[in-house]
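Quick notes on the structure that follows.
The values are calculated or read from the model by the stated rules, or taken from the named source; none is laboratory data. None of the values given here were measured: they were computed from a predicted structure. Cβ atoms come from the backbone with ideal geometry, glycine included; neighbour counts cover every protein chain shown.
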Amino acid sequence: MTGDGRRVVVTGWGLAVAGLGDAGDLLEPPGDRRDPAPDPVRRLSGRGLRYKDRATKLALVAGRDALRSAGLLGADDSAAVPGDRVGVVVSSNLGNVDTVCDTVQAIAEHTYLGTSPMTLPATSSNVIASWLAITYGFRGANLTLSNGQTSGLDAVHWAATLIAAGRADRVLVAGVEPDNAPVRHVLSGSGMTADPFDGAAALVLEAEPAALDRGARPQAVVGRYARRASLATAVARVTAGAVPVGLWCVPERGSDPTGDVVTGAHRVDLSTAYGPASGALGVLQCVAAVAWLCGPHAGSVLATAGIGDAGGEDAAAAVVLSSYAP
Amino acid sequence: MSWIVTGMGALASVGADADAMVSALIAGRTGLAELRGFDRSRFRARVAYEIDDRPEPGADEPLRATRWLVEAVRAAAADAGLGADLSEVPVLVGTTLRELRSVELCWRDKVPFDVHDLHFGTALRRHFGAADTHTVVNACSASLYALALGADLLDLGHADTVVVAGVDTLTESTYGLLDRCYPEAPDRVRPFDRNRRGMLQGEGAVAVVLRREADGPGPAPRIHARVRGVAVNCDAYHPSAPEAKSIAAVTAEAHRRAGVTPADIDLVMLHGTGTPLNDEAESEAVSAVFAGVEPMPYMTAIKSMTGHTAGASGLHSLVAAVLAMRRGVVPPVLGLTDPVEAVSGFRLVRGAAVRPPEPLRLAQIDSFGFGGLNAVAVVESVEHAGSAA
């Protein structure tokens, strides 16, 4: 009954990051970030945007692109598959910090009467996943992970687990973090002063038969996952017996404290390139992995987030993605 | 597959451990009190179901949720014979508001707060050496949703033992916005009563230890209960209003996963928040699922005494169901004096706890949250197991 044999494949990706167009751009040195690139949220239009928070809007942009690239949306951008067995998994640590802080400030200044009733749903941190589900009618399992530095990879893991356990046939995964004053206040109070990432990345994961049955072309296979106390342990756990690593997406804080955990692989440091990405990092890394695996490159991709013991963090997570072969 | 509960820990406004909490519920004691941690002058509603552990009245401190979670996990792990080393045990924590109360204090009052404490993994690592930890932010059904994930991990062979927990505090932002949204300030949580005015938040934490039944209790001295099945879904309908047909669907799926029929259920722990929207959707779904079942199962709603403990509430109801079945007593829906028409056929326990003449074997736990997140579990007593399916 467990469906443990069901392979989980990636069939689509989307990005909502200013200045980033293609997943392949993630593998190149970033352009000059001082160039004013258009805000990706401007790609949304229509009713109901006014009361959605920035994190939700960023996730809607990336999620739509992921679903489109997976071939799961019709011409009118509505879902082309029944929603009952489609899940949503979102990772965000700081997504609704702005709503919470703005509200508590309004109460201090104007009592409860100063609050805006329409912001009530956004005080609950699952609001992003809830809007993704409502927008596309996805009625399967709906999860939000707010799990620290590893959260984006944890989200990919839970999406794969929902599919392996048979709770869903396909899952939209999004990792998103907004940049705003309350976010900067909380981060700087914790000694993090770099300009934070502002954006979203999304993936479509499917059970292999669900993808093949509708004629979709898998772009990558989601392999093993581990969340362990140290990066070395997590990496050893997922890479044992796997295809040699061709690309290593390193955790935030670069490769210094992580040393020689992986040797001989090309390295990409997305946190340095695009700002500390917190709960979005792991999903962003997996989008980079898809670009690598669909390109002229060799080897599997190792995505890692969190550095665990080495950085005084609670854990490090690792996921392996490999190229698809029938 | 079935799973067994080998350890339980809980705390709430009405009791500092699982037994004390359930004894209070059976005695019909409420945790309702004057609002303790916020400046009352900023609100119209001035009551809640808080844990009374602040350093002084009117002053709040950060990291209370983390403290309760650690207490509940420690109690459940000890109960299951695991000790304080959870380095090889996944810990899944369901919550609505995480440590967002600490974020509020950090932003408004400049109280120091480390962003690494926004998720609970940091404290779980420090106290238990746990590293495979997951903060699942699934609104008010979070801990029962996490129970489904824990069962899946066991089912897939990813772990032999899993700790599933839930925790929530009040935050001023949610409390103030609820105050803003209700036409009248709620005086207390009155599920399914004509005079209900809405939901009031409660505080608490809860944890259970889950294993595959086939593996037995391991180091635990006893089995508390058998989890027969947990179903989850999403309305995909509205960010805060629930949908009856989706609740009915998730209930039917829970019964199917558990291999039971509605007539097998002896006790329903209703979500019962005392908001008109929840109560109408839930009563419509329960009516549809249990249509033709005679007599209806016993039903209760413990939020009438604990308040809405949000991310903890699903497992709070589960622990209450397990101990209620063991003791053969169903707690009342406190303050339910004038039931709405929609529940006229329901066997709701009112006034005082009841002791049914027949054993209580199978309980259904309802847990629903913002975003249309629904989770329903079916739990079987191990004291009176046997005849059902």
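Residue B:119 meets each of the listed conditions (1) within 9 Å of another protein chain (Cβ to nearest Cβ); (2) in contact (Cβ under 8 Å) with a residue 40 or more places away in the chain; (3) assigned to a loop (DSSP other than H, G, I, E, B) apart from (2). Put simply, of B:152, B:179 the only residue that is assigned to a helix (DSSP H, G or I) and within 24 Å of residue B:241 (Cα to Cα) is B:179.
Yes/no matrix, rows are residues, columns are (1) out of contact with any Gly (no Cβ under 6 Å at 6 or more places or on another chain); (2) modelled with pLDDT of 95 or more:
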{"residue": "A:187", "(1), (2)": "yes, yes"}
{"residue": "A:193", "(1), (2)": "yes, no"}
{"residue": "A:209", "(1), (2)": "yes, yes"}
{"residue": "A:216", "(1), (2)": "no, yes"}
{"residue": "A:223", "(1), (2)": "yes, yes"}
{"residue": "A:227", "(1), (2)": "yes, yes"}
{"residue": "A:234", "(1), (2)": "yes, yes"}
{"residue": "A:240", "(1), (2)": "yes, no"}
{"residue": "A:246", "(1), (2)": "no, yes"}
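Filtering the stretch B:26-53 to residues that are of a type outside the set (D, E, K, R), within 14 Å of another protein chain (Cβ to nearest Cβ) and touching a Ser or Thr at 6+ places or on another chain (Cβ under 8 Å) leaves B:41, B:43.
Name every residue in the stretch A:130-155 that is facing another protein chain (nearest Cβ under 7 Å), under 12 Å from the mean Cα position of the chain (by Cα) and not in a loop (DSSP other than H, G, I, E, B), in order of residue number. Matches in the stretch A:130-155: A:144, A:145, A:154.
Note on the stretch A:63-82: among residues that are closer than 15 Å to residue A:174 by Cβ and of a type outside the set (A, V, I, L, M), the one that is surrounded by the fewest Cβ atoms within 10 Å (Cβ to Cβ) is A:68. Within 7 Å of chain A (Cβ to nearest Cβ) and touching a strand residue (DSSP E or B) at 6+ places or on another chain (Cβ under 6 Å), is that true of residue B:164? So residue B:164 does not fit the description; no. Just for the stretch B:183-224: of the residues that are within 12 Å of another protein chain (Cβ to nearest Cβ) and surrounded by fewer than 17 Cβ atoms within 10 Å (Cβ to Cβ), which one is nearest to residue B:5 (Cα to Cα)? Per the stated criteria, the residue is B:185. Restricting the stretch B:47-66 to residues that are surrounded by 15 or more Cβ atoms within 10 Å (Cβ to Cβ) and in contact with a strand residue (DSSP E or B) (Cβ under 9 Å, 6 or more places away or on another chain) leaves a set whose member that is nearest to residue B:307 (Cα to Cα) is B:49.
Looking across the stretch A:193-207, just one residue is within 14 Å of another protein chain (Cβ to nearest Cβ), in contact (Cβ under 8 Å) with a residue 12 or more places away in the chain and either polar (S, T, N, Q) or surrounded by fewer than 17 Cβ atoms within 10 Å (Cβ to Cβ) (or both), and that is A:194. Only one of the numbered conditions (1) among the β-branched types (Val, Ile, Thr); (2) farther than 20 Å from residue B:150 by Cα; (3) buried (at least 24 other Cβ atoms within 10 Å of the Cβ) is violated by residue A:144, and that is (2).
For the stretch A:263-270, check the following and say yes or no: at least one residue is over 28 Å from residue B:127 (Cα atoms), among the β-branched types (Val, Ile, Thr) and in a loop (DSSP other than H, G, I, E, B). Yes, the stretch A:263-270 contains at least one residue that is over 28 Å from residue B:127 (Cα atoms), among the β-branched types (Val, Ile, Thr) and in a loop (DSSP other than H, G, I, E, B).
May I ask you to verify whether residue B:141 is more than 9 Å from chain A (Cβ to nearest Cβ) and either assigned to a strand (DSSP E or B) or among the hydroxyl-bearing types (Ser, Thr, Tyr) (or both)? It is true that residue B:141 is more than 9 Å from chain A (Cβ to nearest Cβ) and either assigned to a strand (DSSP E or B) or among the hydroxyl-bearing types (Ser, Thr, Tyr) (or both). Being within 13 Å of residue A:201 (Cα to Cα) and either modelled with pLDDT under 95 or part of a loop (DSSP other than H, G, I, E, B) (or both) is the filter here; which residues of the stretch A:275-306 pass it? Residue satisfying the conditions is A:277 alone.
Of all residues in the stretch A:180-230, those that are of a type in the set (Asp, Glu), over 23 Å from residue A:167 (Cβ atoms) and out of contact with any strand residue (DSSP E or B) (no Cβ under 8 Å at 6 or more places or on another chain) total 1. Residues of the stretch A:271-318 that are of a type in the set (A, V, I, L, M, F, W, C), within 14 Å of another protein chain (Cβ to nearest Cβ) and surrounded by fewer than 24 Cβ atoms within 10 Å (Cβ to Cβ): A:310 alone.
The selection criterion, being surrounded by 21 or more Cβ atoms within 10 Å (Cβ to Cβ) and not in a helix (DSSP H, G or I), holds for residue A:125.
One residue stands out in the stretch A:74-92 among those that are among the small types (Gly, Ala, Ser) and in a loop (DSSP other than H, G, I, E, B): the one that is farthest from the chain's Cα centre (by Cα), namely A:75. The conditions of being over 30 Å from residue A:302 (Cβ atoms), surrounded by fewer than 24 Cβ atoms within 10 Å (Cβ to Cβ) and either basic (Lys, Arg) or facing chain B (nearest Cβ under 8 Å) (or both) are met by residue A:120. Of all the criteria given as (1) within 13 Å of chain B (Cβ to nearest Cβ); (2) farther than 17 Å from residue A:8 by Cα, the one not satisfied by residue A:168 is (2).
Find the residue count for the stretch B:54-77, including only residues that are within 14 Å of chain A (Cβ to nearest Cβ) and small (Gly, Ala, Ser). Number of matching residues: 1. Remark: residue B:319 matches the filter, which requires a residue to be crowded, with 24+ Cβ neighbours inside 10 Å, more than 14 Å from chain A (Cβ to nearest Cβ) and more than 25 Å from residue B:288 (Cβ to Cβ).
Quick check: is even one residue across the stretch B:78-97 in contact with a His (Cβ under 8 Å, 6 or more places away or on another chain), modelled with pLDDT of 95 or more and within 8 Å of chain A (Cβ to nearest Cβ)? No, the stretch B:78-97 has no match at all. Of all residues in the stretch B:234-257, those satisfying the criterion of being in a helix (DSSP H, G or I) and of a type in the set (A, V, I, L, M, F, W, C) are B:244, B:247, B:248, B:249, B:250, B:252, B:254.
Determine whether the stretch B:122-130 contains at least one residue that is surrounded by 22 or more Cβ atoms within 10 Å (Cβ to Cβ), of a type in the set (S, T, N, Q) and within 8 Å of chain A (Cβ to nearest Cβ). Yes, because at least one residue in the stretch B:122-130 is surrounded by 22 or more Cβ atoms within 10 Å (Cβ to Cβ), of a type in the set (S, T, N, Q) and within 8 Å of chain A (Cβ to nearest Cβ). Scan the stretch B:100-116 for residues that are closer than 21 Å to residue B:74 by Cβ and either within 7 Å of chain A (Cβ to nearest Cβ) or outside any helix (DSSP H, G or I) (or both) and the total you get is 1. If you go through the stretch A:85-117 and keep only what is of a type in the set (Gly, Ala, Ser) and either at the interface with chain B (Cβ under 7 Å from one of its Cβ atoms) or at positive phi (or both), you end up with just A:108.
When residue A:321 is tested against (1) surrounded by fewer than 24 Cβ atoms within 10 Å (Cβ to Cβ); (2) outside any loop (DSSP other than H, G, I, E, B), just one condition goes unmet, and that condition is (1).
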